[in-house]
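I have placed the structure first, in the form of structure tokens, so that the comments after it can refer back to it.
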Amino acid sequence: MPAMDAPSVIEVKALRKSYGDFEAVRGIDFSVREGEIFGIVGPNGAGKTTTVECLEGLRDITAGEVRILGLHPQRDARALKQRIGIQLQESILPDRIKVKEALSLFAALYDRSIPYEELVDQLGLREKMNSYYDSLSGGQKQRVGIARALVKDAKILIFDEATSALDGENERKIMQNLMSEMPDRTILFVTHRPSTLQYVDRVLLLDNGHL
Ligand code: ATP
């Protein structure tokens, strides 16, 4: 848990997002402090993914204000892209890419990256380095997706259902590594799993677009 006076690195004010006539996010406010592990939970369709996609600049917002490290998700998209690590709900990779090729590709995409070798054991991918992506299990694919977020030496990580396909032991290992090796990183988690909540400092409950 970070100090109460740690600076805010994510600020969301009166955020609204509509798809046509349907309002998926209905005016929500929250902020996340530096170093905090912050959870967003809620039922299917509550607006969790929409909210994080607005933070990531993947969706334009209908109303309200969002700042990440003081940056505007869309106007400052280039700068922001180098500073936040994102694991998407679905990672789409070519079937015939090998795990080691995928990790090396991710590392090459960013100005600042950490050597991907450091992540291989942490994520339990050592014996799959020469395997094709399409031969991996759901949980192994998810670990490749987590590697994609971690390889970028980013101050903020945003995970959308990052651990939904992991068994309890793998989730525990990954969460404990995240917390011990990167204590100054801010992590925002969207999750359905009650087990993930034991690792978070604070939880925001979204339901039907409301807090
Ligand atoms: P889940 O737990 O199922 O992943 P969620 O809380 O992440 O759900 P969102 O994906 O944010 O929910 O969806 C919120 C609402 O917005 C849902 O009712 C969904 O059908 C709707 N929605 C999401 N994306 C679009 C879109 N591109 N066009 C229209 N409606 C959308």
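Things worth noting here:
- In degrees, nearest ten, helix 99-108 long axis to first principal axis of the chain (Cα): 50 degrees
- Coarse-grained scattering of region 1-111 at q = 0.20, 0.21 Å⁻¹, given as base-10 log I(q)/I(0) from a Debye sum over alpha-carbon atoms: -1.16, -1.22
- For the chain, the longest site-free run once trypsin sites (Lys or Arg not before Pro) in DSSP loop states with at most 15 other Cβ atoms within 10 Å are removed: 113-211
- For region 41-85, diffusion coefficient by Stokes-Einstein and Kirkwood Rh (Cα), 4 °C, 1.567 mPa s, µm²/s: 117 µm²/s
- Couplings for region 194-211, taken from phi via the Karplus curve 6.51 cos²θ - 1.76 cosθ + 1.60 with θ = phi - 60°, read x, 5, 5, 5, 5, 9, 9, 7, 8, 10, 10, 9, 9, 9, 6, x, 10, 6 Hz in order; Gly and Pro are left as x.
- Over region 71-135, volume per residue of the alpha carbon convex hull, in Å³: 108 Å³
- Percent breakdown of C-alpha pair distances by 5 Å bin, ordered from the shortest bin, for the chain: 1, 7, 15, 19, 20, 17, 12, 6, 2, 0
- Shape summary: region 141-192 maps onto an equivalent ellipsoid whose semi-axes, from the alpha-carbon gyration tensor, are 17, 12, 11 Å in decreasing order.
Each value in this text was obtained by applying a stated rule to the coordinates, not by laboratory testing. Because the structure is a prediction, the values reported are computed rather than measured. No Cβ is skipped: glycine too gets one built from the backbone with ideal geometry, and neighbour counts run over all protein chains shown.
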